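Read-outs: derived from the displayed coordinates by stated rules, not from any lab. Computed from a prediction, not measured in an experiment: that's the story for all the values here. Note that each Cβ is placed from the backbone with ideal geometry, even for glycine, and that neighbours are counted across all protein chains shown.
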Amino acid sequence: MRVFKRALLAVALAAFAGSSWAVAPVWEQLTPAQQSVLAPLQAQFDGLPEPRRDQLAVNALRISQLPPARRELAQQRLQQWQQLSEAQRQQALAQREQFRRLPPADRIKARQRFEQLRGLTPAERRRLRERFDQLKQQPGGLDAACPGTAAQKLECLSRPADGSAAAATP
């Protein structure tokens, strides 16, 4: 009998603990602050799966409490996400998951590389993109032309097409 009572108590507590057991909100149940953040999603919000609506509601509340500049950036990113095709979204999610699975040291290196790329001038980025496109067209593609890790590929891309020692530093 004692085990039964404990099991019943555990089930009751689990039913009331955490938002994952509650029904996800519909648009009308969101606070005005959440609605403001999620405005780009208003038309489709109620049709989203419950876990997604719940996640969006929690994130919108957190975003609404950010300083104005960060809140605006988050809203811009939400709008950019909405403009992506389903295939582009799936690709972005797959890349994010791939990044999350990297060992911590590799994630740090990837972030540092990203910051280096962000620091390039538009002309340097254009040259890097042209070199990438050029190598992609070769037999075997980029992997054959620039084997190795992502960092090694970026180093390879940074070298001039003629193979000389001078390199555009990313």
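Summarising the label geometry, the points placed 7 Å from Cα in the beta-carbon direction at ALA87 and GLN42 lie 3.2 nm from one another.
Pull out a ≥ b ≥ c, the square roots of the eigenvalues of the alpha-carbon gyration tensor of the range 69-143, then state rounded if a/c is under 1.5, prolate if not and a/b is larger than b/c, and oblate in the remaining case. Intermediate results must be reported in sequence, preceding the final value.
Details: a/c = 1.43, a/b = 1.40, b/c = 1.02.
Rounded is the answer for the range 69-143, as its axis ratio a/c remains below 1.5.
Restricting the chymotrypsin sites (Phe, Trp or Tyr not before Pro) of the range 44-130 to loop positions (DSSP other than H, G, I, E, B) with no more than 12 neighbouring Cβ atoms within 10 Å leaves nothing.
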